[in-house]
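Below is one structure; the comments refer to it alone.
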Amino acid sequence: MDAMFRQATADGQGLKDNDCVDFWGTTCTGKTSILTHITAQTILPKVWRIQVDGQPIEVELNGSGRSVVFIDLDLQFSVNRLYSMTLNRVTEAIKECSPNVKAKLIGQDDEIHKLVLNSLARCHTFRLTTIGDLSTTILGMPRWLHEHPDENIQYIMIDSISSVLWDKRDGINIHHQLYGSHANNLFNHITSTLRKLQSQWNFVVCTTTRKIGANPTDEIPLCWSKFWTFRVELRRLDSDLANPLADYQLCVVRSSRANIPMDAFQKGITFRYAIKDNDIICI
């Protein structure tokens with residue numbers, strides 16, 4: 001994931017604090033899975049240090065050791081799946097250790113479980129269902145951050161903005177929920193508040209939106225299109241939703257650092273991945 005954004009940016013540094021990236025795709029393209037994948041990488045420490053029989057052992061986990069605020073509007077986020085992804089990363093990291101270290105970690109399942117639970121404590125989940133709840137939560141976020149000074153927030157994630165604007169009523173056709181100017185005013189307040197918070201707390205905003213038509217500007221208030229630094233389009237390779245193989249394409253639709261208009265520049269970088277229970281596997 002980091003490599004994808006490094007390729008998409010002119011400076012090759014990838015995502016930076018105060019960026020905002022939107023994952024945009026149809027149903028079952030892995031939007032929530034990708035946010036969970038990023039969360040697992042974020043909340044794990046860079047190095048796991050443990051004492052076994054009085055001997056210090058270090059395992060490189062390559063995490064960030066930082067916190068995530070996950071605002072779940074789709075009610076699709078699963079703590080159990082985050083646990084599985086995080087545990088899988090620890091297990092894979094142990095496999096890369098030397099035989100001597102792996103031998104010493106045999107039977108340390110309780111310590112591994114404790115490591116994962118301590119990491120999960122860095123993920124703060126808000127489950128909301130209406131645009132009013134979202135607005136109230138974001139507008140109250142400055143107070144929450146001040147009340148949690150020890151949290152080093154790397155991401156605020158909103159999954160998915162579309163769920164408070166669009167509704168599947170008959171299982172086939174998708175109808176717009178008419179919030180009108182009231183919704184636009186609320187979203188303007190939300191994006192404005194997030195900008196102010198980013199300037200003070202230095203975190204990345206990740207959002208997801210559901211792809212409904214060919215023109216994304218018809219699906220979401222304009223303030224979000226102006227807020228995003230990057231948009232990632234997620235596309236399936238086939239129509240078989242049971243098939244976990246898919247590909248996604250990174251499309252830079254706006255670059256605030258280069259002062260390029262939103263629709264004037266696009267850069268496509270294609271990756272393929274498989275969605276599995278324990279993680280997202282790049283192919």
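Values in this text are rule-based calculations from the coordinates and carry no lab data. All values reported here derive from a predicted model rather than from experimental measurement. FYI the Cβ positions are ideal-geometry reconstructions off the backbone, even for glycines, and counts take in every protein chain you see.
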Considering only Cα-Cα distances, which of the following residue pairs are longer than 24 Å: Lys16/Lys102; Lys46/Lys95; Lys46/Lys211; Lys196/Lys226; Lys16/Lys226; Lys31/Lys226? Lys16/Lys102; Lys46/Lys211
Mean Cβ-within-10 Å packing, highest first, puts peptides 33-41, 47-55, 65-73 in the order 33-41, 65-73, 47-55
How do 139-149, 116-126 rank on mean C-beta neighbours within 10 Å, highest first? 116-126, 139-149
